[in-house]
Amino acid sequence: MHSRAWALGSKLKYQLLMRGENFLTRQDDCLVRLGFFTTIRVEAPGPDEAELRAIEILKARDDLKQITRNPRDDSPMLYLEEISELDESAELENRKGYTWFPSSMGK
C-alpha cells in the first residue's frame, strides 16, 4: 500500500503514539523530570515522514515550551512508540492531552 501511495504522490494518514522523556518542569517550587505519552495524527507519504511530522508538531506546541525548564545541554527527548495507518476517512484532529510519568533520564 505504501508503494502505491508513493507512486501516486498521495499521502496516507497515520496515528502515532509518542513518548517524551526528560522534560524538566516546575512543580510545587521544585524541579522534577517527567515523561509523557501522547497520540498524534498526521498525513504523510510514509511512516518515516509521519514520525518526523509528529516530532515537529510536538516541538512547536506552546504548552510544552512553557512548562519545560531544561538547560540547552540537557534537552528533552521524543520517541516513537507505535505507529498505525488510519483509514482515509479518519479525522486528523490532534488534542493536546498527555499522560505524564516520572522520568529517569537526564542529568
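The values are calculated or read from the model by the stated rules, or taken from the named source; none is laboratory data. Remember, it's a predicted structure, so these values are computed and weren't measured experimentally. Note that we place each Cβ from the backbone using ideal geometry, even for glycine, and neighbour counts take in every protein chain shown. Please note that ligands, DNA and RNA were not included when accessible areas were found on the heavy atoms of the full protein model with its side chains. Shrake-Rupley method; radii C 1.70, N 1.55, O 1.52, S 1.80 Å.
When restricted to residues that are part of a helix (DSSP H, G or I), in contact (Cβ under 8 Å) with a residue 12 or more places away in the chain and of a type in the set (Asp, Glu), segment 58-85 contains 1.
When the test is whether a residue is open to solvent by less than 70 Å² (accessible area, probe 1.4 Å) and charged (D, E, K, R), residue 65 does not pass it. Pairs meeting the criteria (first residue in segment 86-107 and in a loop (DSSP other than H, G, I, E, B), second residue among the aliphatic types (A, V, I, L, M) and open to solvent by 50 Å² or more (accessible area, probe 1.4 Å), beta carbons under 7 Å, at least 6 apart or on different chains) are 105/77. Selection within segment 1-21: residues that are at pLDDT below 95 and charged (D, E, K, R). The member of this set that is most open to solvent (accessible area, probe 1.4 Å) is 4.
Scanning segment 26-46 for residues that are under 23 Å from residue 93 (Cβ atoms) and touching an Asp or Glu at 6+ places or on another chain (Cβ under 8 Å), we see that the one that is surrounded by the fewest Cβ atoms within 10 Å (Cβ to Cβ) is 37.
Being surrounded by 10 or more Cβ atoms within 10 Å (Cβ to Cβ) and either among the aromatic types (Phe, Trp, Tyr) or more than 14 Å from residue 54 (Cα to Cα) (or both) is the filter here; which residues of segment 86-100 pass it? 86, 88, 90, 98, 99, 100 - these are the residues of segment 86-100 that are surrounded by 10 or more Cβ atoms within 10 Å (Cβ to Cβ) and either among the aromatic types (Phe, Trp, Tyr) or more than 14 Å from residue 54 (Cα to Cα) (or both).
Within segment 68-80, the residues that satisfy the criterion of being surrounded by 11 or more Cβ atoms within 10 Å (Cβ to Cβ) and either of a type outside the set (Phe, Trp, Tyr) or touching a helix residue (DSSP H, G or I) at 6+ places or on another chain (Cβ under 8 Å) (or both) are 68, 69, 70, 74, 75, 76, 77, 78, 80. Within segment 43-57, residues that are closer than 11 Å to residue 13 by Cβ reach partners that are open to solvent by less than 50 Å² (accessible area, probe 1.4 Å) and part of a helix (DSSP H, G or I) with beta carbons closer than 7 Å, at six or more positions or on different chains, in the pairs 44/50.
The set of residues in segment 53-62 that are in contact with a strand residue (DSSP E or B) (Cβ under 8 Å, 6 or more places away or on another chain) and exposed (fewer than 13 other Cβ atoms within 10 Å of the Cβ) contains only 59.
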